[in-house]
1. Under 16 Å Cα to Cα from K126, which aspartates and glutamates show up? Leave out anything in the same chain fewer than 8 places away.
2. Compute the length gained on full extension between F88 and K58: take 0.36 nm times their separation in residues and subtract their Cα-Cα distance, giving the result in nm to one decimal.
3. For the chain, what does the helix formula give at 222 nm: sum of -39500 (n - 2.57) over DSSP H segments with n ≥ 4, over the residue count, nearest 500 deg cm²/dmol?
4. Relative contact order (percent) for the range 1-148, with alpha-carbon contacts under 8 angstrom and 6 or more residues of separation?
5. Please report the spacing between the Cα centers of the range 118-151 and the range 221-242 in Å, no decimals.
6. Between the range 171-216 and the range 85-117, how many Å separate their Cα centres?
7. With contacts defined as alpha carbon pairs under 8 Å and 6 or more residues apart, what's the relative contact order of the range 1-55 in percent?
8. Below 8 Å, C-alpha to C-alpha, sequence gap of six or more: please give me the relative contact order for the chain in percent.
Amino acid sequence: MKRIMITGALGQIGSELTIKLRDIYGADNVLATDIRENDSDAAKGGPFSILDVMDGKKMASLAENHKADTIIHMAALLSATAEANPVFAWNLNMGGLMNALETAREQKCQFFTPSSIGAFGPSTPKDLTPQDTVQRPTTMYGVNKVAGELLADYYYHRFAVDTRGLRFPGLISYVAPPGGGTTDYAVEIYYEAIKNGRYTSYIEQGTYMDMMYMPDALDAIINLMEASPEKLIHRNSFNVSAMSFSPEEISAEIKKHITGFEMSYDVDPIRQSIADSWPNSIDSSAAKEEWGFKAKYDLSSMSIDMLNKLKAKLG
Ligand SMILES: NC(=O)c1ccc[n+]([C@@H]2O[C@H](COP(=O)([O-])OP(=O)(O)OC[C@H]3O[C@@H](n4cnc5c(N)ncnc54)[C@H](O)[C@@H]3O)[C@@H](O)[C@H]2O)c1
């Protein structure tokens, strides 16, 4: 039976992952932590502690008291927020990761942290971006993610910590709002389509980015963590993607379900330049070959599910 501790558990991913892990491994076996508290199921449906990931001593003592054998490190500043405050982003993203890796080393825990398509940059091949390729990102977030991938590999080789990671694309979900990434438009558009029948995109037409629906992202984390170690050639981190689309393509998909939906554009130069530095679509074949990654949702099936779930949520 796993004993899991999650950092940043009230964020877009953590708030759904915590619940899914509690369903699988038992509520008491999953300790959720975050710098803030709220009334969500993740905070109230099982053990929860306030934890600032910059406090390495408290992190270690929470993990020890929980008898954790697995650490899932989610607390981080995302791409657009990190670009607005790069020094703070470096301190939080690298300092928090170092504390989490040290806790995993000291307490012999398996370890997961997400990387991102942001770990690629303008000199990376843009189409079918390979698993192993040039990684020279031009954003602080990307610099943090590349350094994080290397650091997690270092802990595996140097200290035999069982570190594993995924390069997530933009994640689309309806439970918790996204936390300041460049792909957030692909979540906001569904909310605005239902509430107002229109959306103004801060990303320019013709900009392709990889995306994935949250249920597939959660399955990917769990399947990677359960995979036999001898099958893993790579560790930190695997390319995973389910679809790649442009703003006009998601708009066209939504129009099939919401008649009269209107899309306009007011491009944000900062987020557009981040998007332009990322791949159009990445190649997930290493994840498929090494641990059987498979995404169930494409743009069409995701849009139907998102709109149904959001209509129920927003009344
Ligand atoms: N959501 C995506 O589309 C996406 C894509 C690629 C990678 N990722 C990565 O996945 C991870 C989680 O992303 P998310 O979307 O859930 O982020 P989020 O911004 O929604 O959530 C982050 C959580 O961390 C918490 N947090 C912030 N500072 C903290 C601190 N000092 N100590 C403890 N907790 C703190 C926040 O309160 C928040 O609940 C990040 O590493 C992110 O880079 C996310």
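Bear in mind these aren't lab numbers, they're just calculated from the coordinates by the rules spelled out. Treat the numbers as computed from the prediction; the structure is a model and nothing was measured.
1. Excluding near neighbours in sequence, the set is D210, D276, D283.
2. 8.8 nm
3. -13500 deg cm²/dmol
4. After rounding, I find 22 percent.
5. Measuring centre to centre over Cα atoms gives 18 Å.
6. About 26 Å separates the Cα centre of the range 171-216 from the one of the range 85-117.
7. After rounding, I find 37 percent.
8. 18 percent
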